[in-house]
Amino acid sequence: MGCGRQGEKHLKAYLSLGTVEPLICELDEGRAKELKHKYRVSYVSNFYEALNSLASRLDAVDICTPTWHHYEQVMAALKAGLHVLCEKPLAPTVKEAREIADLAKKSGLQVMVGFLYRFHPAVKFIKHLLDGNELGRPYFALFRIGGRGSRRKWKHLRERYGGAVLEMMLHVLDLALWFFGDIDKIEVIHGGIILSERVIGHEVVQVTAEDYALCCLRSKSDVEIVCEADQITPSYMNYMEVLGEHGNVFASILEQMSTLHFTREKGWKQYRFGYVNLIKKELSYFVNCLARGEPVRINTAEEYVKVVEIADEIRRRIYEHM
């Protein structure tokens, strides 16, 4: 559902798997016909009519629409008896996220959130080091994610749930919880609007959502965590570093950046993971879980509730001072 830039990436990934027959749903009939001819797939225009008439022939819905549609569309798909993969954010508020998680649990359906980074080998390498205690007790972590965010107007509008926290920081909040467990302290150092105007297409857009956020978290396992997210970086940027008693590790999902691992005993070691099609990895995992009748075990709706609880509090504190 939703065939913009991200939706087309999902479509290509499903077709490359060779085990999925996708049906696209797009309100813009011109766009739908373009993809129909380009990829030789069928399309429908009305999501809710399609759920009513085709649910018995479908297994799952993949939602790639703008953020403010997610809650309604996810709930409709679940009520139609279909599994769901939804681009992040699953829902923009804690209340809506809990309703989705509760309905999924009650109905026995799978809901997976599109947090791609967990599928990257550099990120999995950090998780492997932590699980194997190879860094010793971790005590500090730094996450940075930045980008321009100028492809869509709504990504910069508070009323449309745009902004650096929901668009960008969610990714690193998810990783912080995955690496270190529950959070018991949230401190917003700085957040607000740095670039008050954006040119998107040929339109000058007045920014109403935060385009910069810097916060400190502390996990219940006593790890101090610094998270920075923005929509002001000219190019996409991503990296993370974890410090432990026995060493540290620096990594990024960017193929031009190396992963560096230091230990007191062995010194530095460098790794290069190259390009990874994260969307294909993510969708392959989701499809395989459904094909085997197994539950989705990562990026679940229950996990997402914890992520959005932190994000909701960060946004609340930022907007108090904007």
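The values are calculated or read from the model by the stated rules, or taken from the named source; none is laboratory data. If you're wondering where the values come from, they're calculated on a predicted model, not measured in any experiment. Please note: Cβ atoms are built from the backbone with ideal geometry, for glycine as well, and neighbour counts cover all protein chains shown.
Remarks
- Segment 281-302 - residue that is part of a helix (DSSP H, G or I) and either at pLDDT below 95 or hydrophobic (A, V, I, L, M, F, W, C) (or both) and, of those, farthest from the chain's Cα centre (by Cα): A291
- Filtered by the rule that a residue be within 21 Å of L254 (Cβ to Cβ) and in a loop (DSSP other than H, G, I, E, B), segment 131-178 gives G147, R148, G149, S150, R151.
- For segment 247-270, the count of residues that are of a type outside the set (V, I, T), in contact (Cβ under 8 Å) with a residue 40 or more places away in the chain, touching a helix residue (DSSP H, G or I) at 6+ places or on another chain (Cβ under 7 Å) and surrounded by fewer than 16 Cβ atoms within 10 Å (Cβ to Cβ) is zero.
- Some residue of segment 222-234 being of a type in the set (S, T, N, Q) and closer than 20 Å to L135 by Cα: no
- Check on A60, buried (at least 20 other Cβ atoms within 10 Å of the Cβ) and either in the same structural domain as A209 (by TED's automatic domain parsing) or more than 16 Å from the chain's Cα centre (by Cα) (or both): no
- Residue within segment 260-269 that is small (G, A, S), over 23 Å from G162 (Cα atoms) and in a loop (DSSP other than H, G, I, E, B) present: no
- Members of segment 1-19 found to be in contact (Cβ under 8 Å) with a residue 40 or more places away in the chain, crowded, with 19+ Cβ neighbours inside 10 Å and in contact with a strand residue (DSSP E or B) (Cβ under 9 Å, 6 or more places away or on another chain), listed by number: M1, G2, C3, G7, H10, Y14
- Filtering segment 281-298 to residues that are without any contact (Cβ under 8 Å) to a residue 40 or more places away in the chain and either closer than 13 Å to F119 by Cβ or not small (G, A, S) (or both) leaves N288, R292, E294, R297.
- Inspection of segment 123-137 finds no residue satisfying the criterion of being in contact with a strand residue (DSSP E or B) (Cβ under 9 Å, 6 or more places away or on another chain), assigned by TED's automatic domain parsing to the domain that holds A77 and either among the charged types (D, E, K, R) or over 27 Å from M257 (Cα atoms) (or both).
- Residue ID - nearest to L166 (Cα to Cα), chosen from residues in segment 43-69 that are hydroxyl-bearing (S, T, Y) and in contact with an Asp or Glu (Cβ under 9 Å, 6 or more places away or on another chain): T67
- Among residues of segment 208-224, those that are without any contact (Cβ under 8 Å) to a residue 60 or more places away in the chain and touching a strand residue (DSSP E or B) at 6+ places or on another chain (Cβ under 6 Å), counted: 6
- If only residues of segment 152-166 that are out of contact with any strand residue (DSSP E or B) (no Cβ under 9 Å at 6 or more places or on another chain) and not hydrophobic (A, V, I, L, M, F, W, C) are counted, the one that is nearest to C227 (Cα to Cα) is G162.
- Taking segment 24-38 as the range and being surrounded by 15 or more Cβ atoms within 10 Å (Cβ to Cβ) and either touching a residue at least 12 places away in the same chain (Cβ under 8 Å) or under 20 Å from A77 (Cβ atoms) (or both) as the test, the residues that pass are I24, C25, E26, R31, A32, L35, K36.
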